[in-house]
1. Residues that are under 21 Å from GLU40 (Cβ atoms), at pLDDT 95 or above and small (Gly, Ala, Ser): which helices (runs of 4 or more DSSP H) entirely in the stretch 181-264 hold 3 or more of them?
2. Out of the residues in the stretch 139-162 that are over 27 Å from ALA215 (Cα atoms) and among the charged types (D, E, K, R), which is surrounded by the fewest Cβ atoms within 10 Å (Cβ to Cβ)?
3. Taking the stated definitions as given, is ILE304 in contact (Cβ under 8 Å) with a residue 60 or more places away in the chain and either out of contact with any Pro (no Cβ under 7 Å at 6 or more places or on another chain) or basic (Lys, Arg) (or both)?
4. Hey, among MET294, MET236, which residue is surrounded by 24 or more Cβ atoms within 10 Å (Cβ to Cβ), over 28 Å from ASP124 (Cβ atoms) and in contact with a Ser or Thr (Cβ under 9 Å, 6 or more places away or on another chain)?
5. Could you check the stretch 20-42 and list, in sequence order, the residues that are polar (S, T, N, Q), over 14 Å from ALA338 (Cβ atoms) and touching a residue at least 24 places away in the same chain (Cβ under 8 Å)?
6. Could you figure out which of (1) free of Cβ contacts under 8 Å to residues at least 60 places away in the same chain; (2) touching a Ser or Thr at 6+ places or on another chain (Cβ under 9 Å); (3) small (Gly, Ala, Ser) isn't true of ALA177?
Amino acid sequence: MMIKVDKMIEGLKTYGSDKLVKELPNLKNPIFICTIATTETSRIPGLTGAGATPELTKYTPAGDAELILDGEVKCMSDIPQTIIGEVVTPTPSMITKGSLALCDCPVMVLDAGSEIKANSDVFDISDGKHGGDIRTGKAVEDPEGLFEKGFELAEILSEKHDYIVIGESLPAGTTTALGVLVGLGYDAKGKVSGCMDTNPHEMKNAIVEEGLKNAGLEESKDNDPFDVVRAVGDCMLPAVAGVLMGAKVPVVLAGGTQLTAACAIAKALDSEFDFSNCCLATTSFVVKDDTADMLNIVEQIGDISVNAVNPNFEISSVEGLKNYTKGFIKEGAGAGGAMFLALMLGNSIDEIRESIENTCS
């Protein structure tokens, strides 16, 4: 098991090495990136709550991008909503926006393949393509191209910034991440998280198994990672893996079990890849999720530290934020990494929560 290290920073727990937690506060020139993409997998009823209806999930990444960059949603009539039963919870991009309000750093949105395009200044590497339904075994048309573009972007950003924080907005992303992890031979079934208070593991497993079968792939560490992404992945993952491997500066992967799959891609491409200059940063809601096991997935991949931020939403003045403590949403749009970034730049967890509350208001 990974060792839990208690930090002097209130609201933060680090699992594994605390190397970067000690280094990053001394680096004052980061950049935050939210990578957006869509997959037709999100339209499967009952799979995700990252949208008011399955059909509306295709608007969520674009809406998140507009909210993060411009403070308003333009691609749809309202802020992206997460509705599960009768529970309505603020989109995690509100957490991201509120946290970034305290961070004096550039913010970029990287479009790796969204069906609905954001009406904002985004950096688009998608060639107009988005992800398909992974049940077909034909999920991503050009994962190699997305990886190369992410790699090249990281090389450029490394010349201008001390470190890169990169997150994602991709409905049904835990299912596509499961596809990549299982396709690469990891014991991940029943271990990926989700945005609902119940986790439809049987459905996720069946979807992945159908996709791998239709692609003619077995579950094996010998699989080519691009073949696995092409079959049962999403457009976001190869782009983020490219940033991770192309960076010459520290990389903070701002996400939960979804971004463990990006680490798995890097490991498959280079079995000797050094993860010491990167870490995962997520919310405590993901790490404490009793329907998943993020730390076990990470442990299977390599020596990768996990930083979990607890914003103490149980005492929040915004009722909707309290739903995060009840198992709803947990993570998305780089929320955990944005709070982590705000902590690294010297803000207290109380200041971060209050800024998030102000954004929600």
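1. The qualifying helices (runs of 4 or more DSSP H) are 201-215.
2. GLU159
3. When the stated conditions are applied, ILE304 passes them.
4. Being surrounded by 24 or more Cβ atoms within 10 Å (Cβ to Cβ), over 28 Å from ASP124 (Cβ atoms) and in contact with a Ser or Thr (Cβ under 9 Å, 6 or more places away or on another chain) holds for just one of MET294, MET236, which is MET294.
5. ASN29, THR38, THR39, THR41, SER42
6. Of the numbered conditions (1) free of Cβ contacts under 8 Å to residues at least 60 places away in the same chain; (2) touching a Ser or Thr at 6+ places or on another chain (Cβ under 9 Å); (3) small (Gly, Ala, Ser), the odd one out for ALA177 is (1).
The values are calculated or read from the model by the stated rules, or taken from the named source; none is laboratory data. Everything quoted here is computed from the prediction, not taken from an experiment. All Cβ positions, glycine included, derive from the backbone under ideal geometry; neighbour counts span all protein chains shown.
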